[in-house]
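Okay, structure first, notes after.
Throughout, read-outs are computed from the coordinates displayed, never taken from laboratory work. Since the model is a prediction, treat every value here as computed from it, not as a measurement. Heads up, the Cβs are rebuilt from the backbone with ideal geometry, glycines too, and the neighbour counts pull from every protein chain shown.
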Amino acid sequence: MKWIGRRQSDNVDDRRGMSGGKAVIGGGIIGIIVLLLNVFGGENGQMIGNILQQTQGQQTTPTEATALTPEEIKEGEFVKTLLADNEDVWTKIFAENNLTFEAPKLVLFSGQVQTACGGASSASGPFYCPGDKIIYMDMTFFEELRTKFGAQGGDFAVAYVLAHEFGHHIQTLLGTSSKMRQAQEGKSEAEANKLSVALELQADFYAGLWTHYNEKQNHMLESGDIEEALSAANAVGDDAIQKKMQGQVVPDSFTHGTSEQRMYWFNRGFETGDIKKGDTFAELF
């Protein structure tokens, strides 16, 4: 992905290397569970906090502040550019639809972080918290995405994930998220999960939509970039994760969508460039 030389967002709070505590969760198994439940955390930040707070055997060890490496500094600059690209695209889309855009913040962290949705750790995966309108990312997630879940990796996998979380911010601004939560009330677990899937797939659609417009504005794509995004989407499908981690697939428990669905909706946003084509709720129900 071509990104050097473009505007970098001022809405990034880089907390990596800061002194503080790092959560140590007994046996490591809870971290795996949290990752399974919350890959591309969407708007499940409160769930993260509840799991972490209820976990027994959790302790905190002090860490010293450390200087960022040249590679980490470059990662930060890349994320700032990606966030700026998302800001620019969505500002334009909102203006074209006579809507007022409000940019989210993004926090880069390592180890653990406190949010308006509760506490979270690196194992949570990237997520968006509607309570403070902040995207939280620990960059070590992307190495796990490649090594543990078989994603191709690459810089555009990062771009896809960030654009997906930015999509959850768009859903918050448009009121989609709150309507979904209201619709979940009184529903069975399977029905509530299906609504969650629709929300997540729409965020994938928005990630594809952003890719469409950012390519028009900045000619950013290089050979293999779209494949990197699709590989990441494929790796984090509910069916792929469940099959890998528990050997079987339970469709009623899906909360983010299958690999096929996630790739389809990203591609639909990318190929159409039409926000009106992203009503996943109408198509899934």
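Data overview
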quantity	calculated
Entries of Lys105/Lys244; Lys148/Lys187; Lys2/Lys105; Lys92/Lys194; Lys133/Lys244 with Cα pairs more than 27 Å apart	Lys105/Lys244; Lys148/Lys187; Lys92/Lys194; Lys133/Lys244
Residue order, fewest to most surrounding Cβ atoms within 10 angstrom, among Cys129, Cys117	Cys117, Cys129
Length gained when the stretch Met245-Arg181 is fully extended (0.36 nm per residue, less Cα-Cα span)	20.2 nm
Contour minus Cα-Cα distance for Thr147 and Glu77 (0.36 nm per residue)	22.8 nm
Stretchable slack from Ser223 to Glu102, in nm (0.36 nm times residue separation minus alpha-carbon distance)	40.3 nm
Net charge contributed by nearby residues that have their C-beta within less than 14 Å of Asp13 (K/R +1, D/E -1)	+1
Virtual spin-label span in nm between Asp279 and Ser253, 7 Å along Cα→Cβ	3.3 nm
Protection proxy ranking of 78-88, 236-246, 252-262 - average other beta-carbon atoms within 10 Å, highest first	78-88, 252-262, 236-246
With eigenvalues of the C-alpha gyration tensor scaled by 5 and rooted, the stretch 103-252, Å	23, 20, 17
Neighbour-count order for Ile73, Ile134, fewest beta carbons within 10 angstrom listed first	Ile73, Ile134
